[in-house]
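Report on one structure; see the data block that follows.
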Amino acid sequence: MTKKSWKSKFLDNQVVRFVLSAGMGFIVDICAYYLFYHNLLVQKTYSFNGFVVRNSTLSLALSFFLGVMVNFIITRYFVFSESKSSAYKQFFRFMVVAIVGFFANLAVLKFFIQDMHMYPPVARPLAALSLFFASYFVHKFFSFSLSLRHHATGSSSKASN
């Protein structure tokens, strides 16, 4: 009998893998936000078909999308690989959750920047972290259709659609 290394045991934990996956998406999101906010989007506001959008909001939209794409790919193959749902279904559901999460992030970010007068590159990670924990359960049970029973038994053959 061989003992599993602590590293192997650590990575066998689905929540740990989700944290790592979300962390990678978060790093992409935050770095892209900083680059967009400071280097690529130099105006304070942008006008699109009569709608005026702040630099911080446009930076959020672009960086959030990049982070979601990285997060989906890693989550699909590294965290919830036992899901039997089609990749299309998983991606569609993941994007629905991401869109809801985007507007939740936007509301929190707006509160931090406009009401609390926080510096946007500081407010952005705080907004994302404030919504992190709910996303694990939403993605597990909705995006990747894994039941509570599946998690309790640890069986990959009982994943539902």
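The values are calculated or read from the model by the stated rules, or taken from the named source; none is laboratory data. Computed from a prediction, not measured in an experiment: that's the story for all the values here. All Cβ positions, even for glycine, are placed from backbone atoms using ideal geometry, and neighbour counts span all protein chains on display.
The table that follows gives values for the structure above.
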quantity: Pick from the range 23-58, criterion within 16 Å of the chain's Cα centre (by Cα) and of a type in the set (Gly, Ala, Ser), ranking: surrounded by the most Cβ atoms within 10 Å (Cβ to Cβ); calculated: Gly25
quantity: Residues of the range 22-48 satisfying the condition of being polar (S, T, N, Q) and at pLDDT 90 or above; calculated: Asn39
quantity: Residue pairs meeting the criteria (Cβ under 7 Å; at least 6 apart or on separate chains; first within 16 Å of Leu62 (Cα to Cα) and in a helix (DSSP H, G or I), in the range 83-108; second of a type outside the set (A, V, I, L, M, F, W, C) and modelled with pLDDT under 90); calculated: Gly101/Ser135; Leu106/Thr57
quantity: Qualifying residue in the range 87-109 (condition: within 21 Å of Arg17 (Cα to Cα), more than 13 Å from the chain's Cα centre (by Cα) and surrounded by 15 or more Cβ atoms within 10 Å (Cβ to Cβ)); calculated: yes
quantity: Pair list, Cβ under 8 Å, 6 or more apart: the range 7-27 residue in a helix (DSSP H, G or I) and acidic (Asp, Glu), other residue loosely packed, with under 11 Cβ neighbours inside 10 Å and modelled with pLDDT under 85; calculated: Asp12/Lys4
quantity: Hits in the range 89-118 (condition: of a type in the set (S, T, N, Q) and farther than 25 Å from Phe144 by Cβ); calculated: Gln114
